[in-house]
1. Treating the point 7 Å from Cα along Cα-beta-carbon as the label, what are the nm separations from A:A118 to the other copies, to one decimal?
2. Could you give the nm distance between label points at B:R77 and B:Q120, where each point is 7 Å from its Cα heading toward the beta carbon?
3. Label-point separation (nm) for A:W62 and B:A101, each offset 7 Å from Cα along Cα-to-Cβ?
4. What's the FRET efficiency of A:E26 with B:A112 using the Cβ-Cβ distance as r and R₀ = 25 Å, to the nearest 0.05?
5. Rolling a 1.4 angstrom probe over the protein heavy atoms, how many square angstrom per residue are accessible across segment A:48-117?
6. Could you give, in nm with one decimal, how far A:V51 is from each other copy of that position, shortest first, with labels 7 Å out from Cα toward Cβ?
7. Using every alpha carbon pair in segment A:26-116, what percent of pairs falls into each 10 Å bin from 0 up to the bin containing the largest distance?
8. Among residues other than B:L65 whose Cβ falls under 11 Å from its Cβ, what is the net charge (Lys/Arg +1, Asp/Glu -1)?
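The values are calculated or read from the model by the stated rules, or taken from the named source; none is laboratory data. None of the values given here were measured: they were computed from a predicted structure. Methodologically, a virtual Cβ is constructed for each residue, glycine included, from the backbone with ideal geometry; neighbour enumeration extends over all protein chains shown. Just the protein is used for accessible areas: all its heavy atoms, side chains included, with ligands, DNA and RNA removed. Shrake-Rupley method; radii C 1.70, N 1.55, O 1.52, S 1.80 Å.
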Number of protein chains: 2
Amino acid sequence: MPTPNAATRPDTPADLPEPLSEPSIEELRLEVVMGALGDPLRMGIVHKLLVDAEDFDHACGWFGLDRPKSSLTHHFRTLRDAGLIRQRQYGLERRSHVRVADLNARFPGLLALVADWAPQPE
Amino acid sequence: MPTPNAATRPDTPADLPEPLSEPSIEELRLEVVMGALGDPLRMGIVHKLLVDAEDFDHACGWFGLDRPKSSLTHHFRTLRDAGLIRQRQYGLERRSHVRVADLNARFPGLLALVADWAPQPE
DNA sequence: TTCTATGTACGAGTCTAGTCGTACTGATGC
DNA sequence: GCATCAGTACGACTAGACTCGTACATAGAA
């Protein structure tokens, strides 16, 4: 499990909580990212973050997902382990945002596809 | 293992064998496509088809995959069911090619990502 | 016809993902 | 102190993926 050093992250303001453990940019794997997006619930999470997130970080209650908390933990962790989202602890809440810069740098065009995604009708 | 001599490439689709059962363009789902690409073996198949295929259709022996035939059947079927490849029966061989036009129309940029993919180094 | 080559069908085993309930932790507020 | 709230950890269950061996179907060539 990769443990990135926040000191090497030049764009991280000092007043933000430390990001939780996540793969570095070099460790991002396209097949892992796509595997994580293979589940419609997770695809919907990333999609909603890209489309509806007006400010940056959102706790998982914001998504309005009707699943037990333990299931959400599983899916958010899968997304974070794949490198799709970054999570920070804000007091009680663990807020997430998409790693837009990292993903655009490694997989240009991928996030545009996710943003254009529409959930299965019916 | 040399490539089978390229089948005569009549530009009239009527001369080609009928494609095997596959989803229509409207039925293509991004999360299904990405789920199919979540396996490194399948990612490698599509990648090789995009990068190394000089002519159009290749039988699965062309890929040089060291797996039992029944495993390959499973993976190629998964790719076809997801809409990534089209398969046609040429006598004994079932040859495949990527549905480039369909995928570019529905998910522009996706195939470029797969073409840029590199297998996990060791 | 018989042999060979390509690939499917089927079944079984194993492994992992997804699901959920319950108990727990850690921060906030009374 | 105590209660509350967001989220994790853990265990269990289930369904599906991945794997493979074997048997079978079929096309083409000897």
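1. Going from nearest to farthest copy, the values are 3.8 nm.
2. Taking the simple label geometry, B:R77 and B:Q120 are separated by 2.5 nm.
3. 4.3 nm
4. Computed FRET efficiency for A:E26 and B:A112 comes out at 0.80.
5. 53 Å²
6. Its label point is 3.3 nm from the equivalent points in the other copies.
7. Binned Cα distances yield the sequence 16, 56, 26, 2.
8. Computed value for this residue: +3.
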